[in-house]
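S.K.: Take a look at the following structure, please.
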């Protein structure tokens, strides 16, 4: 890599052209990745892409006038000092907040590049050119804000927030809720059956830990292999699998941990209290994110949990 101060004026301008071309393509990817879910934001980035195209064409015309037709290949990764960008434009589905933050960082970095380049050149013509480009980038930042205000009216913003909420529910809440319900309910029977049958808190803890971890692994693989998310919009299967598996394990371990208490009666009561808290949390999540009325959600969850708990008690007592 070359240091920025070692670049010639010709190489600085070539780098500027490369930066504008890269930003143009990144904005195009942003627009394409957001088009289906966030069409208004996609139009913002499409307009920004068009402006980057104009900037690149202006740069190329000025470069040709001063240095001729050949442009040396100088890229941002060849020069020290540039911030390493995470390729968020390659991730699908695109996160709206991540895209907007990345775009803002790109504009600021490019403007600072032009300002620094203008300070170190001795050529009056090149200095004027770079100052003009810095001003254009500063104006571009303002224009990006204007585009956001023009195209993302309050009602459009509300629609996009609803779309983002739906994606969050599909990709995170649903697999997490499925895991939490499975882990909290399905492990009740083996944990409490082992506790009552053995009267040993340690035995109940071991059974609960094994059941929770095993269920987490099983549910994680089942969720990850259920679909790849390409048609359902449920997101990357690995993320869903990790979320579902982790929440399954957490749901089971929650009422297993109290059995680390040596006194059996105290441990049993504490575990029962944790079960009630887990079922209440599941009810709240269903009401908050799945739009299920509180009372029906509570009845469904607590009836199911009670049946599994009674099953464990009866088996452990037999």
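The values are calculated or read from the model by the stated rules, or taken from the named source; none is laboratory data. All figures in this text were calculated on a predicted structure; none of them were measured in a lab. Neighbour counts are summed over all protein chains in view; Cβ atoms, including those assigned to glycine, are modelled from backbone coordinates with ideal geometry.
S.K.: Identify all residues within region 282-299 that are buried (at least 16 other Cβ atoms within 10 Å of the Cβ) and either assigned to a helix (DSSP H, G or I) or more than 27 Å from the chain's Cα centre (by Cα) (or both); write none if there are none.
M.R.: If the condition is that a residue be buried (at least 16 other Cβ atoms within 10 Å of the Cβ) and either assigned to a helix (DSSP H, G or I) or more than 27 Å from the chain's Cα centre (by Cα) (or both), then 282, 283, 285, 286, 287, 289, 297, 298 are the ones that fit.
S.K.: Filtering region 59-72 down to residues that are touching a helix residue (DSSP H, G or I) at 6+ places or on another chain (Cβ under 8 Å) and part of a helix (DSSP H, G or I), which residue is surrounded by the most Cβ atoms within 10 Å (Cβ to Cβ)?
M.R.: My answer is 59.
S.K.: Which of the following residues is modelled with pLDDT of 85 or more and under 30 Å from residue 315 (Cβ atoms): 214, 183?
M.R.: Result: 214 is the single residue among 214, 183 that is modelled with pLDDT of 85 or more and under 30 Å from residue 315 (Cβ atoms).
S.K.: Okay, moving on. How many residues does region 263-280 contain that are in a helix (DSSP H, G or I) and either surrounded by fewer than 16 Cβ atoms within 10 Å (Cβ to Cβ) or free of Cβ contacts under 8 Å to residues at least 60 places away in the same chain (or both)?
M.R.: Qualifying residue count, region 263-280: 10.
S.K.: Quick one: which residue in 160, 141, 149 is part of a helix (DSSP H, G or I), at pLDDT below 75 and either at positive phi or surrounded by fewer than 14 Cβ atoms within 10 Å (Cβ to Cβ) (or both)?
M.R.: On inspection, the qualifying residue turns out to be 149.
S.K.: Identify, please: which residue in region 19-52 is farther than 17 Å from residue 104 by Cα and surrounded by fewer than 21 Cβ atoms within 10 Å (Cβ to Cβ) and is, among those, nearest to the chain's Cα centre (by Cα)?
M.R.: 37
S.K.: Regarding region 7-14, can at least one residue be identified that is surrounded by fewer than 19 Cβ atoms within 10 Å (Cβ to Cβ), more than 30 Å from residue 171 (Cβ to Cβ), free of Cβ contacts under 8 Å to residues at least 40 places away in the same chain and in the same structural domain as residue 135 (by TED's automatic domain parsing)?
M.R.: yes
S.K.: From the list 59, 19, which one is modelled with pLDDT under 85 and under 17 Å from residue 130 (Cβ atoms)?
M.R.: Of 59, 19, the one residue that is modelled with pLDDT under 85 and under 17 Å from residue 130 (Cβ atoms) is 59.
S.K.: Continuing with the same structure: In the list 217, 253, which residue meets the criterion of being surrounded by fewer than 18 Cβ atoms within 10 Å (Cβ to Cβ) and part of a helix (DSSP H, G or I)?
M.R.: 217
S.K.: Output the number of residues of region 105-125 satisfying the condition of being farther than 16 Å from residue 55 by Cα and in contact (Cβ under 8 Å) with a residue 24 or more places away in the chain.
M.R.: Of the residues in that region, 6 qualify.
S.K.: Residue check: is residue 232 at pLDDT 85 or above and either part of a helix (DSSP H, G or I) or more than 22 Å from residue 303 (Cβ to Cβ) (or both)?
M.R.: No.
S.K.: Is it fair to say residue 195 is within 21 Å of residue 310 (Cβ to Cβ) and surrounded by fewer than 23 Cβ atoms within 10 Å (Cβ to Cβ)?
M.R.: Here the answer is no, as residue 195 does not meet what is asked.
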